[in-house]
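One structure below.
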Amino acid sequence: MIFKKDSFLFGAILGLLGPVVGFAIFKLIKYRMFSLTEMYQWMTLNHNLITAWISVSLFANAVLFTLYVNARIDKTAKGIFLITVIYAITALLIKFFG
């Protein structure tokens, strides 16, 4: 594993970056032809796209979490997990009440 540091703060930082990378990959693969502004406008009109974006973005954190749990780097895994839960709750609130 590239990052062997066992730190809750390091895990939280990775947890914040994982969904951003997941979203970037999702955009590059599926919606290459849209600019970020156009994609944001499309997401506000099509709520199913929000669900797909959330899934792909949080999947990136699931991969990170699994790697750190399997390597028994538990503090980092806890940081990733906490941020993933916060992202998921925020995304659900936006989807259902936004």
Qualifying residues in the range 1-11 (those that are of a type outside the set (A, V, I, L, M, F, W, C) and surrounded by 11 or more Cβ atoms within 10 Å (Cβ to Cβ)) - the one modelled with the highest pLDDT
GLY11
Subset of the range 34-50, residues part of a loop (DSSP other than H, G, I, E, B) and either surrounded by 11 or more Cβ atoms within 10 Å (Cβ to Cβ) or at pLDDT below 80 (or both), comes to PHE34, ASN46
Could you please let me know if TRP53 is within 22 Å of ILE13 (Cβ to Cβ), in a helix (DSSP H, G or I) and at pLDDT below 90?
yes
Note on the range 59-77: residues surrounded by fewer than 19 Cβ atoms within 10 Å (Cβ to Cβ) and either at negative phi or among the acidic types (Asp, Glu) (or both) are PHE59, ALA62, VAL63, THR66, LEU67, VAL69, ASN70, ALA71, ASP74, LYS75
Anything in the range 12-33 that is in a helix (DSSP H, G or I) and modelled with pLDDT under 90? List them, or say none.
GLY22, PHE23, ALA24, ILE25, PHE26, LYS27, LEU28, ILE29, LYS30
Residue satisfying all of: in the range 58-74; of a type in the set (A, V, I, L, M) and in a helix (DSSP H, G or I); nearest to ALA88 (Cα to Cα) among these
LEU58
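The values are calculated or read from the model by the stated rules, or taken from the named source; none is laboratory data. Please read all numbers here as calculations on a predicted model, not as lab measurements. Methodologically, a virtual Cβ is constructed for each residue, glycine included, from the backbone with ideal geometry; neighbour enumeration extends over all protein chains shown.
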